[in-house]
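Report on the structure given below.
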Amino acid sequence: MTELDVILGIDFGGTKVAIGLSDREGTLLAQRRIDTDAEAGAQQVIDRALAAAAELLTGNGHASPSAIGVVSPGIVLPDEILLAPNVPGWQQLRLRDLVRARFGDLPVAVGTDVKAAGLAEARWGALRGVDPAVFLYLGTGLAAAILIGGRVLPGANGAAGEIGYNLRGVSDTDGFASGSAPLEEAVGGRGLGRRVSALTGKPTTAAELFELAKQDPAAKELLTDALDELSVHVANLAIAIDPVRIAVGGGLVRSADVVLPPLRHRLSQAVPFPPALVPAEFDQDGALRGAIALALDA
């Protein structure tokens with residue numbers, strides 16, 4: 001393989017950055033992950049990630065890629081990134097320009113991580129040949145990608161599927177206007193971590209909540225209530241879209257035996273034509289593969 005045959009993908013996440021090289025068929029050849037260290041700010045994330053990407057290329061015998069795909073939380077515009085508040089300074093980044101400054105004037109595609117992961121599932125994974133379909137991301141945050149005709153529905157402002165901003169009830173009168181993402185803060189991974197930490201009185205992660213719920217009644221009630229609330233919103237999304245299948249990915253799917261049954265039950269009871277609910281093919285690296293899909297399209 002020559003250097004012009006390799007595709008570089010970078011997935012900037014809330015807690016980690018995933019970097020990968022693939023061939024022109026989308027097969028991953030090499031990967032590397034680094035911590036985001038979000039509290040240290042945006043610039044250090046960019047600098048370390050691009051340096052790690054360059055090292056991955058040279059370590060595998062490539063001076064440069066033929067195209068680069070980069071994905072991030074939020075809506076990636078040429079001069080800013082909207083709806084991405086978790087890393088200080090992230091919203092001011094010109095992501096495509098920063099990548100080109102490091103690697104030169106190559107084709108660089110940028111996009112939203114969850115939408116890219118949905119594209120990867122439609123192209124190579126659990127949603128291949130399924131129309132319409134939904135990719136549901138349950139991780140640090142919460143969002144969905146809606147796929148029509150094998151293409152991701154962007155929406156008028158690139159914000160289709162941002163269900164983390166869903167209102168939880170009539171008492172949520174402000175939502176986004178008050179700087180809140182009500183549903184994500186309640187049932188997303190970071191939100192669950194905050195809630196269980198308040199319960200235990202010490203820093204506790206969402207992953208630890210799943211273990212704690214096996215023996216602690218209060219933790220079990222918290223998790224059960226969160227999954228019940230999530231299932232209502234997933235059912236409403238299915239009623240609105242009428243998908244054939246919903247594929248679920250993200251870090252919380254590591255506990256699929258706990259997460260998926262209440263979602264399936266609610267879909268079966270509430271939706272006139274219940275879609276199949278399946279784990280995503282790329283449950284942990286879908287956004288990275290989606291970045292590669294964007295690069296291949298570029």
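If you go through region 19-41 and keep only what is within 18 Å of the chain's Cα centre (by Cα) and either more than 15 Å from residue 291 (Cα to Cα) or surrounded by fewer than 23 Cβ atoms within 10 Å (Cβ to Cβ) (or both), you end up with 31, 32, 33, 34, 35, 36, 37, 38. The sole residue among 156, 219, 186, 198 that is surrounded by fewer than 16 Cβ atoms within 10 Å (Cβ to Cβ) and assigned to a helix (DSSP H, G or I) is 198.
Residues in region 212-265 that are acidic (Asp, Glu) and either in contact with a Gly (Cβ under 7 Å, 6 or more places away or on another chain) or under 25 Å from residue 116 (Cα atoms) (or both): 242 only. Regarding residue 168, is this residue more than 26 Å from residue 226 (Cβ to Cβ), among the charged types (D, E, K, R) and touching a helix residue (DSSP H, G or I) at 6+ places or on another chain (Cβ under 7 Å)? No, not satisfied. Could you tell me whether residue 248 is assigned by TED's automatic domain parsing to the domain that holds residue 137, outside any helix (DSSP H, G or I), among the hydrophobic types (A, V, I, L, M, F, W, C) and in contact with a Leu (Cβ under 6 Å, 6 or more places away or on another chain)? So residue 248 fits the description; yes. For region 56-76, the set of residues classified as part of a loop (DSSP other than H, G, I, E, B) and in contact (Cβ under 8 Å) with a residue 40 or more places away in the chain consists of 60, 61, 62, 63, 64, 65, 66, 73, listed by residue number. Residues that are small (Gly, Ala, Ser), crowded, with 19+ Cβ neighbours inside 10 Å and farther than 19 Å from residue 292 by Cβ within region 61-90 comprise 74, 84, listed in sequence order. Set side by side, the residues 18, 49, 53 differ, and just one is in contact with a Leu (Cβ under 9 Å, 6 or more places away or on another chain), at pLDDT 90 or above and outside any strand (DSSP E or B), which is 53.
The values are calculated or read from the model by the stated rules, or taken from the named source; none is laboratory data. None of these values were measured; they are calculated from a predicted model. Glycine also receives a Cβ, built like all others from the backbone with ideal geometry; neighbour counts cover every protein chain displayed.
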